[in-house]
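Below is one structure, written out as structure tokens, with a few remarks after it.
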Amino acid sequence: MKWALTLLVILVVSSLSFCQDVKVREEAVRLLEQANRVSTSPKLPNLERVDTFRVFGGQPAMQEGSFTRVVVQGTGRRDEYSFGSYHLLNVWTEKQVAVAGTPAALAPPEITNLMHIAPILLVRFNGEDVIHEIIGRNVSGHRARCIEFDTIRGEKTDNNEICVDQSNGALLLEKLGVELIEYSEFFPFAGSLMPGKISYSYAGTQKMEVTQTMTVLDEASENVLAAPANAQMHQLCTTFRRPFGISMPQPRAGNGGENTEVIVRSVVGVDGKIHDAVVQSSERPELNAEAITQVQQWSFTPAMCNGKPDTHEVELTVQFQGR
């Protein structure tokens, strides 16, 4: 399973090279599609979303942050992020975005994790997913139906589980590789069910806890989308081309051990070089410094915005083989 919101459902199981029960796969697809419908509003109103979150295991041991989004449908939105010394405000309107706050090229990994799991992570099955069984069990006090499946990508196999509430179909739990996302305290919003609490763990360790609210804005103030006085104004891209890799050497292979990946976020500059690289996720922290050094050797064609070279944030996968 790929961690994105735009994956395609693939029902043609005859193309799979792994034995699956057709009826079990059809039922798994039905359950997941129902969960996605339950978690998706048919028509969003003007709204304010507020996420407050706690991050564990850093320095200091526990840190707090927040994210606020105000949406005026058909007009624009206002996003504000706060975490430690990082503060960023973006005001999006039809043709431009006003940016104010911390002069950093990249948000902290904790902010990226928050935007990954909230308001809810919706996924779909594809041809890499092998469904094994659907079992009934208790999840945080709810009777649930849990889909047990593997995702096979090349030589890597992830053991996964997705659990949905047996009574209302809402997503309760997603174990996707080393990520575990647990949803609870659901509330109705604009024809959907949204989680009021989200717990995020990575490789067996809890990393984040999120409290989430959504409120309908019956009357949106004209000042909601006003740009701050100190904001920098950026024009939106009407035509865009992403960066393309020119040279992306991987680390030296080992003589044994396991294959592992380190995910790095960075900015590809107008010079095609990597800037401001940070580790987003890693199962082997001792490889993080080497991963950063490795991607700093990579080169790209720059992104193109409205026909001109532009900076662009990218997510890069560094593969360590036999290490």
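Summary table
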read-out: Only Lys, Arg (+1) and Asp, Glu (-1) charged, at Cβ; the chain dipole about Cα centre in debye; value: 480
read-out: Cβ-based charge dipole, the chain, positive-most Cα from Asn230, Pro60, Thr157; value: Asn230
read-out: Under 5 Å, built H, 5+ apart or other chain: amide partners of Leu106; value: none
read-out: Spatially near lysine pairs across the chain, Cα under 25 Å, sequence gap of 8 or more or different chains; value: 15
read-out: Amide H partners (placed H, <5 Å) of Val139, local residues excluded; value: Ala144
read-out: Rg/Rh ratio calculated on Cα atoms of segment 54-166 (Kirkwood radius); value: 1.09
read-out: Nitroxide proxy distance, nm - points 7 Å out along Cα→Cβ at Phe187 and Ile246; value: 5.1
read-out: Candidates Lys308, Lys175, Lys273: whichever shows maximal mean-square fluctuation once the chain is modelled as a Gaussian network with Cα springs under 10 Å; value: Lys308
read-out: Distant-in-sequence amide H partners of Ala170 (H built 1.01 Å from N, under 5 Å); value: Asp165
read-out: Calculated from backbone phi, Karplus (6.51, -1.76, 1.60) coupling profile of segment 45-60 in Hz, x at Gly/Pro; value: x, 4, 8, 10, 10, 10, 10, 10, 9, 10, 10, 10, x, x, 10, x
read-out: Stretch in the chain that is longest and holds no chymotrypsin sites (Phe, Trp or Tyr not before Pro) that DSSP places in a loop and that have at most 15 other beta carbons within 10 Å; value: 19-323
read-out: Rounded to whole Hz, the Karplus (6.51, -1.76, 1.60) HN-Hα couplings of segment 114-121, x for glycine and proline; value: 4, 5, 6, 9, 10, x, 6, 8
read-out: Loop-exposed GluC sites (Glu not before Pro) per DSSP, neighbour cap 11 Cβ within 10 angstrom, longest uninterrupted part of the chain; value: 223-323
read-out: Kirkwood hydrodynamic radius of the chain, from inverse mean 1/r over distinct Cα pairs, in Å; value: 21.9
read-out: Value of [θ]222 nm, deg cm²/dmol, for the chain, DSSP H segments ≥ 4, -39500 (n - 2.57) each, nearest 500; value: -3000 deg cm²/dmol
read-out: Ratio of Rg to Rh over segment 183-310 (Cα coordinates, Kirkwood Rh, two decimals); value: 1.09
read-out: Hz values of 3J(HN,Hα) by residue in segment 252-262 - Karplus curve (6.51, -1.76, 1.60), Gly and Pro given as x; value: 4, 7, x, 9, x, x, 10, 8, 8, 10, 10
read-out: Rg to Rh, two decimals, where segment 240-320 supplies the alpha carbon set and Rh follows Kirkwood; value: 1.03
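No lab work stands behind these numbers, since they all come straight from the coordinates. As the structure is a prediction and not an experimental result, all values here were calculated from the model. Counting neighbours? That spans all protein chains shown, and the Cβs are built from the backbone with ideal geometry, glycine included.
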